[in-house]
1. Restricting to the range 6-38, count the residues that are assigned to a helix (DSSP H, G or I) and under 15 Å from residue 88 (Cα atoms).
2. Quick check: anything in the range 39-57 out of contact with any helix residue (DSSP H, G or I) (no Cβ under 9 Å at 6 or more places or on another chain), part of a helix (DSSP H, G or I) and either surrounded by 12 or more Cβ atoms within 10 Å (Cβ to Cβ) or modelled with pLDDT of 90 or more (or both)?
3. Out of the range 90-118, which residues are over 16 Å from residue 57 (Cβ atoms), part of a loop (DSSP other than H, G, I, E, B) and touching a helix residue (DSSP H, G or I) at 6+ places or on another chain (Cβ under 7 Å)?
4. Among the residues of the range 124-141, which ones are in contact with a helix residue (DSSP H, G or I) (Cβ under 8 Å, 6 or more places away or on another chain), part of a loop (DSSP other than H, G, I, E, B) and surrounded by 13 or more Cβ atoms within 10 Å (Cβ to Cβ)?
5. Determine which single condition residue 107 fails, assuming it passes every other condition in (1) buried (at least 16 other Cβ atoms within 10 Å of the Cβ); (2) modelled with pLDDT under 95.
6. Can you tell me which of 63, 82 is touching a helix residue (DSSP H, G or I) at 6+ places or on another chain (Cβ under 9 Å), more than 18 Å from residue 127 (Cβ to Cβ) and exposed (fewer than 12 other Cβ atoms within 10 Å of the Cβ)?
């Protein structure tokens with residue numbers, strides 16, 4: 001990823017645009033540890049630097065830590081302006097699509113964001129061979 005990449009600064013107008021942005025940011029897939037990445041999407045629908053990585057997250061999300069993260073990111077959104085949101089991507093080693101731990105993480109992020117009224121974008125997952133979005137059905141309990 002380079003900040004000079006023009007695609008990174010284009011407005012995100014659709015789910016496909018966000019998927020494309022994460023694809024550009026992640027580059028060649030392959031991960032040695034589980035991480036949570038996030039970025040602010042500004043009111044003009046552009047990603048705001050920096051993209052933040054929390055490395056070595058546990059397989060099971062911890063509600064208190066997720067709430068603290070969303071409280072912090074919500075405060076950041078207030079600085080950016082109305083209609084800003086947060087984009088999240090989970091990454092982990094391994095092949096194939098989502099597993100139960102991935103869905104649990106995404107569910108907790110989404111439900112905590114709703115509870116705290118922090119606007120978020122569709123959550124994504126990157127594994128060693130796949131980058132995909134969590135669908136609403138994936139987030140159902």
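The values are calculated or read from the model by the stated rules, or taken from the named source; none is laboratory data. Note that the coordinates shown come from a computational prediction; the quantities given were computed from them, not determined experimentally. Cβ coordinates were reconstructed from backbone atoms using ideal geometry, including for glycine residues, and neighbour counts include every protein chain displayed.
1. The number of residues fulfilling the criteria is 12.
2. Within the range 39-57, not a single residue is out of contact with any helix residue (DSSP H, G or I) (no Cβ under 9 Å at 6 or more places or on another chain), part of a helix (DSSP H, G or I) and either surrounded by 12 or more Cβ atoms within 10 Å (Cβ to Cβ) or modelled with pLDDT of 90 or more (or both).
3. Within the range 90-118, just 118 meets the criteria.
4. 134
5. Every condition holds for residue 107 apart from (2).
6. Numbers: 82 fails: touching a helix residue (DSSP H, G or I) at 6+ places or on another chain (Cβ under 9 Å).
Selected residue: 63, the only one of 63, 82 that is touching a helix residue (DSSP H, G or I) at 6+ places or on another chain (Cβ under 9 Å), more than 18 Å from residue 127 (Cβ to Cβ) and exposed (fewer than 12 other Cβ atoms within 10 Å of the Cβ).
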